[in-house]
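The values are calculated or read from the model by the stated rules, or taken from the named source; none is laboratory data. In this text the structure is predicted, and so the values were computed from the model without any measurement. Because the Cβ atoms are built from the backbone with ideal geometry, glycine has one as well, and the counts that use them run over all protein chains shown.
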Amino acid sequence: MSKKTLHAVLFGPPGSGKGTQGQLLADRFDVPQIGAGELFRAEIAEKTVQGKLLKEYVGSGVLVPDELVNAVITNQLKQLDLRKGFVLDGYPRNVEQATHLNRVAKINLAIQLKIPDKEAVRRLTGRVQCVECEQVYHLTDTPPIKPGICALCGGKLKKRNDDTKELIRKRLETFHFMTEPLVTYYRQQGVLLTITGEQAIPYVFEEIIKRIGKLGFKS
Ligand SMILES: [Zn+2]
């Protein structure tokens, strides 16, 4: 059997580890990872036209419109050689975006990372991130060697502004209402793979590798 090229999306509630698993998967298959969150933050930091628009929405707490999100992602995908594959996480966030994505690049694997809300809250409230290199730590699960200092670059560790209890609950609500319908969408497309994301990062990753290997995706 010839190897299948990975045209994958990962989705799950905040705290499910989709960014981390997306990066591991992209590294293992030697394909680019597109993290929607980082991509949007980069656009904002570079003050592109789209970045300025994004900043207004993010700052006001209003959901970023699909057209804008789609445009930023499409731009990024156009810069890639899609025949070589890719891994996307943090996008699509709803069925409309998924429909748009399928027109730009047909998705052949949608990994749903499933964790209970309680665990998501526990993970996110303990999460800190390096202000320099964006490395993520968890105060009890994966603490840095020196408290408050990034083990990789020596940068300061900070909580993300949206990792407050109240905002975490809101983000989870939004996920259930808006993003969870992707389960049905991708099941109908015949590309859904559901993975329990509660275990530690390496175990979840091995489970992903094992399960997608059976589907013909081999690194
Ligand atoms: Zn750092």
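Brief remarks follow.
- Residues that are part of a loop (DSSP other than H, G, I, E, B) and farther than 30 Å from Gln189 by Cβ were ranked within segment 84-138; the one that is modelled with the lowest pLDDT is Glu134.
- For Lys114, the conditions (1) within 16 Å of the ligand (Cβ to nearest atom); (2) in contact with a Gly (Cβ under 8 Å, 6 or more places away or on another chain); (3) within 21 Å of Ala26 (Cα to Cα) are fulfilled apart from (1).
- Some residue of segment 125-133 being in contact with a Leu (Cβ under 8 Å, 6 or more places away or on another chain), free of Cβ contacts under 8 Å to residues at least 60 places away in the same chain and surrounded by fewer than 17 Cβ atoms within 10 Å (Cβ to Cβ): yes
- Selection of segment 56-66 for residues being in a helix (DSSP H, G or I) and within 19 Å of the chain's Cα centre (by Cα) yields Val58, Asp66.
- Against the test of being within 15 Å of the ligand (Cβ to nearest atom) and aliphatic (A, V, I, L, M), the options Val136, Val95, Val104, Val87 yield a single qualifying residue, Val136.
- Here Arg171 meets each of (1) within 17 Å of the chain's Cα centre (by Cα); (2) more than 20 Å from Arg93 (Cβ to Cβ); (3) not in a loop (DSSP other than H, G, I, E, B) with one exception, condition (2).
- Gly126 vs. criteria in contact with a His (Cβ under 7 Å, 6 or more places away or on another chain) and not basic (Lys, Arg): yes
- Matching entry among Leu167, Leu101, Leu139, Leu172 (being more than 23 Å from Ala71 (Cα to Cα), surrounded by 14 or more Cβ atoms within 10 Å (Cβ to Cβ) and in contact with a Pro (Cβ under 8 Å, 6 or more places away or on another chain)): Leu172
- Scanning segment 175-206 for residues that are without any contact (Cβ under 8 Å) to a residue 40 or more places away in the chain and either surrounded by 15 or more Cβ atoms within 10 Å (Cβ to Cβ) or of a type in the set (Asp, Glu) (or both) turns up Glu180, Glu206.
- Within segment 31-49, being charged (D, E, K, R), in a helix (DSSP H, G or I) and surrounded by fewer than 19 Cβ atoms within 10 Å (Cβ to Cβ) holds for Glu38, Arg41.
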